[in-house]
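*Asks:* Below you'll find the structure I mean.
The values are calculated or read from the model by the stated rules, or taken from the named source; none is laboratory data. Keep in mind that this is a model prediction, so the values were computed, not measured. Here Cβ is always computed from backbone atoms with ideal geometry, including for glycine, and neighbour counts include all displayed protein chains.
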Amino acid sequence: MAGWILVLPIVAATLHAVWNALVKTSADRLATLGFIAFMNVLVGLAVLPFVEPPDQAGWTFIAVSMLFKYAYYVLVYFAYRVGDLSLVYPLARGFAPLAVTVGAALLAGEYLSLPSLAGVMIACLGISSLAIGSLGQLQGSSPIWLAIGSGLTIAIYTICDGLGIRVSGSTFGFIAWIYVLELPIVLAVLWLRRRGLAKAIGSHWRYGTLAGLCSAVAYGLVLIAALYMPLSIVSALRETSVIIAALIGTVMLGERPWRDRVAASTFVAGGVALMTVYR
């Protein structure tokens, strides 16, 4: 495996952290998320005329993937209604690589070496540990189950995208259609923000455009990396975005407690080292 391939999901994680930080600092997160989906659709439409469509096998994976992506958005919406961002997000993103590891082994025959498997588990532990501080204020178990459900949907569409792009016969055609089919998400946000739509567009288009471009490039890099790397490692490296976002919050936004975030980052760094050295 060429060393540059390992860089792709790490760059994707950084871009993922940037757009999540933009969403977090936005006055209207839903509007910003709508812009992100809108930019993905625009990028997909811009690419479509210049690429071949996916083969039939690729379309099957696209269909399943998008169903679970839509389910993910619904689960996250309800999870954030009953639980804090600091609890739901790390749990969902930390659970996903473990589920991808199991799914990739069962469906694609991708078995990791013991050190790499340990690296994935350590990284997931580090990511999920960011939620510990929110457990003390938790009332009921609904946020936890919704977060785990969100993580499971992330894992399923990650596996579908990774396997689908490998059999699609058209790498960029597959990516373009994945983006275009985010249109229902755009329409849902337009409906939810229909009363203050002009105001939302006027005040959030800069944040949304930048976040959307970061999102489109990030997931494109993840899908390309999935052509060459085990899906479990791609997923774990991508989800280090949670740690990068936490560090951005600590250094640039003055969020606390910083010691917990540094400790979590150390765990993740150690897991990443095991994954990459013993891949």
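*Asks:* Could you check how many residues of region 11-63 are among the small types (Gly, Ala, Ser) and assigned to a loop (DSSP other than H, G, I, E, B)? If you could, list the steps in order and put the result at the bottom.
*Replies:* First, pick out the residues of region 11-63 that are among the small types (Gly, Ala, Ser): 12-13, 17, 21, 26-27, 31, 34, 37, 44, 46, 57-58, 63.
Now restrict to residues that are assigned to a loop (DSSP other than H, G, I, E, B): 26-27.
Number of matching residues: 2.
*Asks:* Assess whether Thr158 counts as being closer than 24 Å to Val74 by Cβ, assigned to a helix (DSSP H, G or I), hydroxyl-bearing (Ser, Thr, Tyr) and modelled with pLDDT of 85 or more. So that I can check it myself, show each step before the final result.
*Replies:* Numbers: closer than 24 Å to Val74 by Cβ: yes; assigned to a helix (DSSP H, G or I): yes; hydroxyl-bearing (Ser, Thr, Tyr): yes; modelled with pLDDT of 85 or more: yes.
Taking the combined requirement at face value, the residue satisfies it.
Matching residues to (1) surrounded by 19 or more Cβ atoms within 10 Å (Cβ to Cβ); (2) under 19 Å from Leu237 (Cα atoms); (3) modelled with pLDDT of 75 or more; (4) not small (Gly, Ala, Ser):
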residue: Met121; (1), (2), (3), (4): no, yes, yes, yes
residue: Leu130; (1), (2), (3), (4): yes, yes, no, yes
residue: Gln139; (1), (2), (3), (4): no, no, no, yes
residue: Ala147; (1), (2), (3), (4): yes, no, yes, no
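*Asks:* Residues in region 172-196 that are surrounded by fewer than 24 Cβ atoms within 10 Å (Cβ to Cβ), β-branched (Val, Ile, Thr) and out of contact with any helix residue (DSSP H, G or I) (no Cβ under 6 Å at 6 or more places or on another chain): how many?
*Replies:* Count: 0.
*Asks:* When both residues are 6+ apart or on different chains and their Cβ atoms are under 6 Å apart, which pairs have a first residue that lies in region 51-69 and is closer than 18 Å to Leu183 by Cα, and a second that is of a type in the set (Val, Ile, Thr) and buried (at least 16 other Cβ atoms within 10 Å of the Cβ)?
*Replies:* Cβ pairs passing all conditions: Phe68/Thr153; Phe68/Ile156.
*Asks:* Please state which of the following conditions Ala71 fails to meet, knowing it meets all the rest: (1) surrounded by 17 or more Cβ atoms within 10 Å (Cβ to Cβ); (2) modelled with pLDDT of 90 or more; (3) assigned to a helix (DSSP H, G or I).
*Replies:* (1)
*Asks:* Out of region 193-244, which residues are assigned to a helix (DSSP H, G or I) and β-branched (Val, Ile, Thr)?
*Replies:* Our first condition is that a residue be assigned to a helix (DSSP H, G or I); within region 193-244, this holds for 197-225, 231-239, 241-244.
Of everything in region 193-244, those that are assigned to a helix (DSSP H, G or I) and β-branched (Val, Ile, Thr) turn out to be Ile201, Thr209, Val217, Val222, Ile224, Ile233, Val234, Val242, Ile243, Ile244.
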